[in-house]
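Each value in this text was obtained by applying a stated rule to the coordinates, not by laboratory testing. Everything quoted here is computed from the prediction, not taken from an experiment. Note that each Cβ is placed from the backbone with ideal geometry, even for glycine, and that neighbours are counted across all protein chains shown.
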Amino acid sequence: MLKIYHNTRCSKSRQTLDLINQAGQEVEVVEYLKTPPTANELREILQKLNMKPEQLLRKGEAIYKEKYKGQELTDEEWIQAMVENPVLIERPIVVKDSKAVLGRPPEKVQELL
């Protein structure tokens, strides 16, 4: 089963979810702005993505520009920032077993289907 960390207001997230549904895959939808991942969940996701926390940040968000731009934080501090401000998490993230992809572009999800 797939799990998508989804934002209903994001076109890329909606397109990625549509691709999953068109493939007939079972999917758990996590609206991460309503139910943010924990620090441990983020660590696991980052490991599956093979990314550093700073690579998963949405640097165009106002909260990033106001509070974090130009900061040099540790990986754990970036993870905590995303837990406290889930809008900073790039989307959509699709997880399957030990792998994950960032759905940018949405077609990246094909790697998990």
Legend entry - segment 76-86, subset of a type outside the set (A, V, I, L, M) and surrounded by 13 or more Cβ atoms within 10 Å (Cβ to Cβ), residue nearest to Thr35 (Cα to Cα): Pro86
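I'm checking my understanding of the structure. Among residues of segment 59-75 that are of a type outside the set (A, V, I, L, M) and exposed (fewer than 11 other Cβ atoms within 10 Å of the Cβ), which one is nearest to the chain's Cα centre (by Cα)?
Here is the first cut: in segment 59-75, the ones of a type outside the set (A, V, I, L, M) are 59-61, 64-72, 74-75.
Right, trim to exposed (fewer than 11 other Cβ atoms within 10 Å of the Cβ) and you get 60, 66, 69-70, 72, 74.
Values: Gly60: 15, Glu66: 21, Lys69: 20, Gly70: 22, Glu72: 21, Thr74: 19 Å.
This residue is Gly60.
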Legend entry - Selection within segment 80-100 - touching a Gly at 6+ places or on another chain (Cβ under 8 Å) and basic (Lys, Arg): Arg91
Inset, instruction - Inspect all residues belonging to segment 3-26 and state whether any of them is under 16 Å from Val95 (Cβ atoms), surrounded by 13 or more Cβ atoms within 10 Å (Cβ to Cβ), touching a helix residue (DSSP H, G or I) at 6+ places or on another chain (Cβ under 9 Å) and of a type in the set (D, E, K, R). - result: no
